[in-house]
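Okay, so here's the structure we're looking at.
Taken together, the values in this text are just the output of simple stated rules run on the coordinates, not laboratory data. Since we're looking at a predicted model, the values are computed, not measured. Please note: Cβ atoms are built from the backbone with ideal geometry, for glycine as well, and neighbour counts cover all protein chains shown.
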Amino acid sequence: MVQGVYFRQEVLRQPASSDNIMILLTGATGFIGGLVLKELSKKNVRIRCLVRKTVDSKNPNISYVTGDVLDPESLVKATQGVDTVYYFIHMMGKQKEQEKFDILDRRAITSMVKACKINGVKRIIHLTGMSDPREKLSHHLASRKEVEEIIRSSGINYTIFRASVIIGRGGAAFEILDTAVRRVPIIPVFNWANTRVQPIFIGDVIRYLVECLDKKETLNKCYDIGCSEVFTYEELMREYARELGYNRIFIHIPGSWHWLSSLVLGKMSSVNSNVVYWLIESLGNNMVCEANDLKKIFGFEPISFGESISLIIENN
Ligand SMILES: NC(=O)c1ccc[n+]([C@@H]2O[C@H](COP(=O)([O-])OP(=O)(O)OC[C@H]3O[C@@H](n4cnc5c(N)ncnc54)[C@H](OP(=O)(O)O)[C@@H]3O)[C@@H](O)[C@H]2O)c1
């Protein structure tokens, strides 16, 4: 009987195509990479994390290798024996070379692609920012687009997800939204008030990033990901204030004044002030999803903005 039950479970378990593969995870100390690591560690895969400072691991399936995406040699070492690279890097927070973050991001991904080719890496999985190709893009979004294009034209298989505001504690855009709504009773809205955005809950982002490992249909595809609702930035702030039970007054001010709002929010929020500056500069770009077949492939749809906020409030 016991043997029968055991046998049945063995037969039912579908071997995943990712079973026992070696993954190189970049950005493991960051918002997205940290959560992807947590989920990947539940799967039957070996994970090597590329980090700038040494970390000890107690999990035999997780190892850490020190390196830097700006050091090509360390990337060649890190990608040895690797099947799939998760690429979760951006350089917007760098203090001294702030204006050149796009140059650094270009250098980093170019070196990563080279290293992947040297070591025969089969796939790169990447999360980037959503943008509308018909618009003039902000510095941040233009740089994100360039990184995406370098991956797409590398000749290596890829899966790329593009998100707008990710709703989750620790996410830069969410922390800025949270600071503005919680701490500013009279909220000035500038010329980005009517820019449209389609947010997504962090749990759904991580599901796409981890589950795509076993979904061959996602090879060489790019997907915009978001919940089913589209908001203007003003509506997003009003809705968040409502969910929190805060009464907020919104005043419209012409112009962008992004340097001023980023100065204030950079001081008030936990987010690196350079990152705040470049994200606020991006508020003029619409971030609305192109239609896709993700529901058919993954069997779920992202939860609504209201549900995301309720989950965050519950877990606070
Ligand atoms: N957060 C969002 O709301 C959001 C929305 C849309 C798209 N995305 C995309 O998601 C990806 C990851 O973003 P994130 O929010 O997780 O960023 P994050 O929290 O700032 O993490 C960035 C990671 O990059 C690492 N890194 C930076 N420079 C490095 C270098 N020279 N060598 C090695 N590692 C380096 C950092 O490591 P250290 O700890 O050593 O600094 C950190 O682990 C990005 O491609 C971003 O465009 C994020």
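Please list 3J(HN,Hα) in residue order for region 103-113, calculated via the Karplus relation 6.51 cos²θ - 1.76 cosθ + 1.60 where θ = phi - 60°; whole Hz, with x for glycine and proline.
For region 103-113, the Karplus-derived couplings read 5, 5, 5, 5, 4, 4, 6, 5, 5, 5, 4 Hz, x marking Gly and Pro.
Please find the FRET efficiency linking I249 to E135, where r is the Cβ-Cβ separation and R0 is fixed at 30 Å, and quote it to the nearest 0.05.
0.50
Against the longest principal axis of the chain, how steep is helix 305-315, in degrees 0 to 90 to the nearest 10, with axes from Cα atoms?
80 degrees
Once the principal axes of the Cα atoms of the chain are found, what is the range along each, listed largest first in whole angstroms?
So the three principal-axis extents are 67, 51, 38 Å.
How tilted is helix 258-268 with respect to the longest principal axis of the chain? Cα atoms for both, answer in degrees (0 to 90, nearest 10).
Long axis of 258-268 versus the principal axis of the chain: about 70 degrees.
With the calculation restricted to Cα positions, what are the radius of gyration and Dmax of region 177-262 in angstrom?
When restricted to the Cα atoms of region 177-262, Rg and Dmax are 16.8, 49 Å.
Using per-residue counts of other Cβ atoms within 10 Å, averaged over each peptide, order 47-54, 181-188, 126-133 from highest down.
Result, highest mean Cβ count within 10 Å first: 126-133, 47-54, 181-188.
Within 10 Å, count the other beta carbons around each residue, average over each peptide in 134-143, 246-255, and list them highest first.
134-143, 246-255
Taking other Cβ within 10 Å of each residue's Cβ, how do M237, M287 sort, fewest first?
By the 10 Å Cβ count, ascending: M237, M287.
Return the long-range amide H neighbours of L70 (sequence gap of 5 or more, or a different chain), with a cut-off of under 5 Å between placed amide H atoms.
none
Counting DSSP beta bridges with both partners in the chain, what percentage is antiparallel, nearest 5?
That works out to approximately 5 percent antiparallel.
List the lysines whose Cα lies under 26 Å from the Cα of K216, skipping any in the same chain that are fewer than 8 positions away.
Partners within reach: K38, K42, K43, K114, K117, K122, K145, K295, K296.
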